[in-house]
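Student: Following this message is one structure expressed as structure tokens.
Just so you know, all these numbers are worked out from the coordinates, no wet-lab data involved. Note that the coordinates shown come from a computational prediction; the quantities given were computed from them, not determined experimentally. Because the Cβ atoms are built from the backbone with ideal geometry, glycine has one as well, and the counts that use them run over all protein chains shown.
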């Protein structure tokens with residue numbers, strides 16, 4: 001039966017892949033990958049040989065129709081991103097929406113994601129939170145920060161090493177320098193680091209310690225009046 005299966009892949013430690021994910025990757029007709037080189041190395045590590053199709057930010061709009069047609073012809077596909085769960089700040093949403101519209105069965109396996117480990121180890125409230133992904137780089141950035149200034153739930157963001165200091169400084173300006181936060185990087189990898197403190201202190205930390213790797217930034221919510 002044709003289906004699209006979203007398969008989370010390890011965010012660092014390859015042992016984090018699930019037995020079910022390995023089973024699905026071995027059974028599907030094709031693996032749709034954000035970067036075929038990255039996913040190819042994972043499949044090789046798992047001893048799985050499958051055709052790979054490239055599906056990334058720059059080609060997803062033109063690839064969606066083609067992939068849905070293949071699904072309608074009866075193919076079973078696994079969609080993977082370079083790391084973590086597909087469609088979470090990664091390509092995937094457009095394909096899922098189009099597949100569902102055409103009546104294709106869509107599944108998502110549980111598995112690795114940088115979001116939840118960073119939230120849990122932050123020491124900030126986990127009972128209510130909002131995931132904001134990446135902040136706008138230019139247009140709309142200040143507006144988004146102003147909108148979030150009064151958010152009372154814990155907020156979770158993704159950020160690159162090239163922008164983490166700027167983002168911490170911008171948040172300190174809009175949320176207050178003493179707002180508590182936590183920064184996690186290289187989760188599940190050899191050099192995993194979790195640093196906690198005020199936004200201002202975290203910015204100073206990474207100005208001294210050159211930021212490397214992918215970052216998850218967890219920021220405490222505003223105090224309710």
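Student: Just need the Rg to Rh number for the chain, please, alpha carbons only, Kirkwood Rh.
Tutor: 1.02
Student: Next question, about the same structure. On a 0 to 90° scale, report how tilted helix 199-208 is relative to the longest principal axis of the chain, with both axes built from alpha carbons and the result rounded to the nearest 10.
Tutor: 70
Student: Write down the percent of antiparallel bridges among all DSSP beta bridges whose residues are both part of the chain, to the nearest 5.
Tutor: 45
Student: Now, a different point. Based only on Cα atoms, what Rg/Rh ratio does the stretch 115-219 have, Rh being taken as Kirkwood's radius?
Tutor: Over the Cα atoms of the stretch 115-219, Rg/Rh equals 0.92.
Student: Using a 10 Å cut-off around each Cβ, can you sort 105, 156 from fewest to most neighbouring Cβ atoms?
Tutor: Least to most surrounded, the residues fall as 105, 156.
Student: For helix 164-175, what angle does its Cα long axis make with the longest principal axis of the chain, in degrees from 0 to 90 and rounded to 10?
Tutor: Tilt of helix 164-175: around 60 degrees.
Student: Can you give me the relative contact order of the stretch 115-219 as a percent, contacts being Cα pairs under 8 Å and 6 or more apart?
Tutor: 34
Student: For the Cα atoms of the chain, what angle does the longest principal axis make with the long axis of helix 60-72, in degrees from 0 to 90, nearest 10?
Tutor: 40
Student: Using a simple spin-label model with points 7 Å from Cα along the Cα→Cβ vector, what separation in nm is obtained for residue 57 and residue 146?
Tutor: Output for this residue pair reads 2.6 nm.
Student: At 222 nm, what helix-only mean residue ellipticity would the chain give, in deg cm²/dmol to the nearest 500, using -39500 (n - 2.57) for each DSSP H run of four or more?
Tutor: -10500 deg cm²/dmol
Student: Based on other C-beta atoms within 10 Å, arrange 190, 135 from fewest to most.
Tutor: Lowest to highest Cβ neighbour count: 190, 135.
Student: I would also like to ask the following. Take the alpha-carbon centre of the stretch 24-45, take the same for the stretch 67-115, and report the distance between them in whole Å.
Tutor: Computed from Cα coordinates, the inter-centre distance equals 13 Å.
Student: Still on this structure: Is the shape of the stretch 3-108 best called rounded, prolate or oblate, per the rule: a/c under 1.5 gives rounded, else a/b larger than b/c gives prolate, else oblate, with a ≥ b ≥ c the square roots of the Cα gyration tensor eigenvalues?
Tutor: Prolate.
Student: Which order results if 22, 164 are arranged by neighbouring Cβ count within 10 Å, fewest first?
Tutor: Going from sparsest to densest Cβ surroundings: 22, 164.
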